[in-house]
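K.L.:
There's a structure below that I have some questions on.
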Amino acid sequence: RFVENLLKHPTFLENSYTTKFIDTTPELFDFKKRRDRGTKVLTYIADITVNGHPEAKDRPRPAEGLRAPVIPAPRAEKPAAGTRNLLDEKGPQAVADWMKEQKQLLLTDTTMRDGHQSLLATRMRSIDMIKVAPSYAVNLPQLFSVEAWGGATFDVAYRFLQECPWQRLRDLRSHMPNIMIQMLLRGSNGVGYTNYPDNVVQSFVKQAAISGVDLFRVFDSLNWVENMRVAMDAVLENNKLCEGTICYTGDIYDPNRAKYDLNYYVKMGKELRDAGAHILGLKDMAGLLKPAQARVLVKALKEEVGLPIHLHTHDTSGISAATVLAASEAGVDAVDAAMDAFSGSTSQPCLGSIAEALRNTDRDSGLDVEAIRDISRYWEAVRGQYAAFESGTAAPASEVYLHEMPGGQFTNLKAQARSMGLEERWHEVAQTYADVNLMFGDIPKVTPSSKVVGDMALMMVSQGLTRKQVEDPTVDLSFPDSVIDMMRGNLGQPKGGFPANIIEKVLKGDKPNTERPGKHLPPVDLEEVRAKLSEELEGFAIDDEDLNGYLMYPKVFLDYMGRHRMYGPVRTLPTKTFFYGMEQGEEISAEISPGKTLEIRMQAISETNDEGDVKVYFELNGQPRSVTVPNRM
Ligand code: 3PY
Ligand code: ZN
């Protein structure tokens with residue numbers, strides 16, 4: 001029943017805003033056709049070459065003559081011991097104690113998670129990360145951690161990139177054994193958009209710890225500590241680092257936002273400490289924390305909570321580096337930054353420039369700035385390949401203090417607005433987003449609460465509705481499912497609850513649940529789900545990673561499996577081939593498993609025949625092969 005309910009749950013059905021992948025063909029679920037992996041991969045290449053990639057074809061293309069990413073040469077013989085070694089040898093509390101003893105500012109690189117989530121709508125493929133992971137291990141062993149997993153990367157990997165997020169994690173882990181891998185976990189919302197039963201959250205955390213996550217940044221989208229405990233306890237149980245996290249919103253100096261004053265944050269910091277956090281995360285997901293406020297907040301949290309503090313911010317405003325430097329002066333222990341080529345704008349501040357700013361000061365990061373530049377040059381060339389997904393702002397924007405959109409949501413919401421024909425009305429969307437926030441009682445906006453505010457704002461702009469009309473009891477309205485879900489209490493409670501008038505209007509008189517949502521969700525019988533899923537996939541053996549992927553996103557996982565049976569290990573293709581197919585005469589190679597490489601040469605493409613099919617001729621490891629695909633253009 002749980003599975004059926006999950007499958008029917010609106011938040012599972014469509015979180016996407018872009019065109020579908022090639023996932024609507026019935027053949028996807030025709031599992032009987034057994035074809036070798038080479039043929040499957042050729043089928044994918046042929047299809048993309050003939051029909052284009054649905055996500056990339058109508059978007060800007062990579063620049064002509066874009067240079068290929070060059071993997072930085074090693075600057076030492078082998079990776080020096082790093083934070084991961086300390087964690088493995090002495091455990092999580094020792095890492096937290098070690099943090100407090102350090103003089104240098106510890107730096108986390110977010111390029112592989114928030115960097116591309118905030119700049120490229122999360123579209124970076126694993127292959128581009130795994131190739132450079134050994135350079136991190138050898139050239140930047142002093143990094144505190146690399147944020148590479150969780151947040152939106154999990155479902156985007158299955159949904160749009162046709163790859164397994166768990167495999168990404170395992171591959172990164174093995175190629176970068178000395179630096180801690182950090183993930184972003186949305187508390188009881190896992191890496192999804194809704195509250196999961198407690199044992200699903202516990203199972204997910206356990207699997208993430210096994211597959212390679214060392215540090216879990218755990219937050220709740222309404223800053224409700226009560227709703228974070230299950231996830232935090234699971235991290236502690238698995239002997240990994242638990243970063244209990246405060247989401248920063250409002251402005252501690254603004255008398256009009258008195259709900260979010262210094263006391264609010266200090267109180268929450270203490271609650272997280274008492275809930276067992278090793279580190280206190282300060283997550284400024286929209287980039288609202290101003291320098292003077294950062295100084296005061298960090299100092300107060302350090303003095304009153306006593307945990308090491310890890311600051312995360314976004315550069316949408318253009319002044320986040322000033323915030324980081326102020327926090328550094330106030331004694332923050334660690335901060336997040338993105339490699340230069342993936343920094344700025346809706347992403348994190350620039351890692352190389354922060355390292356430079358602190359050089360030869362008492363908070364010198366100890367990182368090799370030339371190694372940073374080498375790696376950033378690699379990322380610069382990688383980013384160029386994803387031109388189709390660039391959609392951020394061209395310049396810093398103080399408008400962020402008005403709308404308060406998280407950096408990771410910004411590009412997505414903009415793309416969603418574009419697909420609804422509202423791109424030219426973006427500033428109206430921004431203003432409406434701010435109105436909705438106030439209408440909902442001034443809440444922290446971060447996944448999934450930010451998605452709810454975004455859904456409501458888009459609905460209001462597209463239907464020309466004002467806040468006054470929405471609040472008017474005499475105007476009949478149907479609200480987005482996500483809004484109904486949140487008002488029912490299914491994401492938990494913000495400080496002070498949601499306003500009674502909006503609950504009344506949305507729920508049409510029904511009573512909301514104000515207790516912890518997980519309290520009322522029965523546990524899932526994991527082995528029963530595994531058996532049913534295996535049956536549905538005609539006996540395919542479901543391992544723990546697959547099971548946990550399915551539990552988070554049933555439909556997305558099944559669609560992924562269907563495509564995987566059709567197209568095989570396309571994650572191993574170069575990014576250019578994945579999005580644009582091949583040109584006649586072009587040659588590529590793809591290592592589909594260790595030691596097994598496909599050498600692929602595209603020979604020719606036929607005319608479209610009477611059935612509407614095209615034959616594409618390849619050479620695969622020196623042997624001629626052809627595949628036939630429909631021409632859908
Ligand atoms: C996410 O949950 O994906 C976020 O990036 C929140 O900031
Ligand atoms: Zn972020």
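The values are calculated or read from the model by the stated rules, or taken from the named source; none is laboratory data. Since the model is a prediction, treat every value here as computed from it, not as a measurement. Cβ: placed from backbone, ideal geometry, glycine included. Neighbour counts: every protein chain shown.
K.L.:
I'm checking my understanding of the structure. Among residues of the range 432-446 that are surrounded by 24 or more Cβ atoms within 10 Å (Cβ to Cβ) and more than 17 Å from Gln469 (Cα to Cα), which one is nearest to ligand 1 (Cβ to nearest atom)?
P.N.:
Per the criteria, the residue is Val446.
K.L.:
Tell me yes or no: at least one residue of the range 153-169 is within 12 Å of ligand 1 (Cβ to nearest atom), crowded, with 24+ Cβ neighbours inside 10 Å and under 22 Å from Lys240 (Cα atoms).
P.N.:
Yes, because at least one residue in the range 153-169 is within 12 Å of ligand 1 (Cβ to nearest atom), crowded, with 24+ Cβ neighbours inside 10 Å and under 22 Å from Lys240 (Cα atoms).
K.L.:
Moving on to the next point. Name the pairs: first residue in the range 305-318 and among the hydroxyl-bearing types (Ser, Thr, Tyr), second residue within 11 Å of ligand 2 (Cβ to nearest atom) and in a strand (DSSP E or B), Cβ to Cβ under 9 Å, at least 6 apart or on different chains?
P.N.:
Cβ pairs passing all conditions: Thr313/Lys283; Thr313/Asp336.
K.L.:
Kindly list the number of the only condition in (1) without any contact (Cβ under 8 Å) to a residue 12 or more places away in the chain; (2) on the phi > 0 side of the Ramachandran plot that fails for Gly441.
P.N.:
Status for Gly441: all satisfied but (1).
K.L.:
Which pairs do you get when a residue that is of a type in the set (Ser, Thr, Tyr), found in the range 320-344, comes within reach of a residue that is modelled with pLDDT of 95 or more and away from ligand 1 (no atom under 16 Å from the Cβ), reach meaning Cβ atoms under 6 angstrom, with the pair 6+ apart or on two chains?
P.N.:
Thr323/Pro291; Thr323/Ala294; Ser328/Leu105; Ser328/Arg363; Ser343/Cys350
K.L.:
Need at least 1 residues that are modelled with pLDDT of 95 or more and under 28 Å from Asp128 (Cβ atoms) per element, so show me which helices (runs of 4 or more DSSP H) inside the range 521-587 make the cut, counting only ones lying wholly within it.
P.N.:
Ranges flagged: 544-552, 554-567, 575-580.
K.L.:
Out of the residues in the range 173-203 meeting the condition of being crowded, with 24+ Cβ neighbours inside 10 Å and in a helix (DSSP H, G or I), tell me which one is nearest to ligand 1 (Cβ to nearest atom).
P.N.:
Checking each candidate, the answer is Asn189.
K.L.:
Filter the range 113-143 for residues that are within 16 Å of ligand 2 (Cβ to nearest atom) and not in a helix (DSSP H, G or I) and give the result.
P.N.:
Of everything in the range 113-143, those that are within 16 Å of ligand 2 (Cβ to nearest atom) and not in a helix (DSSP H, G or I) turn out to be Leu120, Ala121, Thr122, Met124.
K.L.:
Scan the range 377-404 for residues that are within 16 Å of ligand 1 (Cβ to nearest atom) and either over 23 Å from Phe160 (Cα atoms) or without any contact (Cβ under 8 Å) to a residue 60 or more places away in the chain (or both) and jot them down.
P.N.:
Result: Val400, His403, Glu404.
K.L.:
Just the residues that are surrounded by 13 or more Cβ atoms within 10 Å (Cβ to Cβ) and not hydrophobic (A, V, I, L, M, F, W, C), please, taken from the range 607-620.
P.N.:
The answer is Thr608, Asp613, Lys615, Tyr617, Glu619.
K.L.:
Do we find that Gly281 is within 16 Å of ligand 1 (Cβ to nearest atom), closer than 22 Å to Gln102 by Cα and in contact with a His (Cβ under 9 Å, 6 or more places away or on another chain) in this structure?
P.N.:
yes
K.L.:
Would you please name the residue that is farthest from ligand 2 (Cβ to nearest atom), looking only at residues in the range 285-295 that are surrounded by fewer than 24 Cβ atoms within 10 Å (Cβ to Cβ) and of a type outside the set (A, V, I, L, M, F, W, C)?
P.N.:
Per the stated criteria, the residue is Arg295.
K.L.:
If a residue must be under 29 Å from Arg488 (Cα atoms) and β-branched (Val, Ile, Thr), how many such residues does the range 207-243 contain?
P.N.:
Residues that pass the stated criteria total 4.
K.L.:
Which of the residues spanning the range 216-228 are farther than 17 Å from Pro165 by Cβ and not in a loop (DSSP other than H, G, I, E, B)? Quick ask: steps written out before the conclusion?
P.N.:
Quick first cut of the range 216-228, residues farther than 17 Å from Pro165 by Cβ only: 218-228.
Selection gives Val218, Val225, Glu226, Asn227.
K.L.:
Surrounded by 24 or more Cβ atoms within 10 Å (Cβ to Cβ) and either at pLDDT 95 or above or under 14 Å from the mean Cα position of the chain (by Cα) (or both): is that true of Leu222 in this structure?
P.N.:
no
K.L.:
Considering only the range 398-413, state which residues are closer than 28 Å to Leu185 by Cα and more than 16 Å from ligand 2 (Cβ to nearest atom).
P.N.:
Hits for the range 398-413 are Glu399, Tyr401, Leu402.
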